[in-house]
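Report on the following structure.
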Amino acid sequence: MTSLNVDAVLREACGSEFTGAVGRVERAGSVVFERAYGATRADELARPVYCDSLFDLASLTKLFVSTVALHAVA
């Protein structure tokens, strides 16, 4: 998957699957892609998401499983 693919997937899903996200891809220790999408919430208190925005990780299991899955694919 290229950076363009990551960007397209996140742009398409932002707003319908989730309100906001940050995508980051590193290769050999260097950042090759980093972009923020959407807003922090879906109401009048929403603020734009930035690359350094903090997120509430309510389910850390998903984070660890996705990391292991990505390593397995690589």
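The values are calculated or read from the model by the stated rules, or taken from the named source; none is laboratory data. Note that this is a predicted model, so its numbers are computed, not measured. Counting neighbours? That spans all protein chains shown, and the Cβs are built from the backbone with ideal geometry, glycine included.
Of all residues in region 3-30, which are under 15 Å from Ala74 (Cβ atoms), not in a helix (DSSP H, G or I) and not acidic (Asp, Glu)?
The answer is Val25, Arg27, Ala28, Gly29.
Tell me which residues, restricted to region 52-72, are exposed (fewer than 10 other Cβ atoms within 10 Å of the Cβ) and part of a loop (DSSP other than H, G, I, E, B).
Listed by number, the residues that qualify are Asp52, Leu54, Asp56, Leu57, Ala58, Ser59.
Please name all residue pairs, on different chains or six or more residues apart, with Cβ atoms under 8 Å, provided the first residue is in region 34-47 and is within 10 Å of Cys14 (Cβ to Cβ) and the second residue is at pLDDT 95 or above and among the charged types (D, E, K, R).
Matching pairs, first to second residue: Ala39/Arg47.
May I ask you to verify whether Tyr37 is aromatic (Phe, Trp, Tyr) and either over 20 Å from Ser3 (Cα atoms) or not in a loop (DSSP other than H, G, I, E, B) (or both)?
yes
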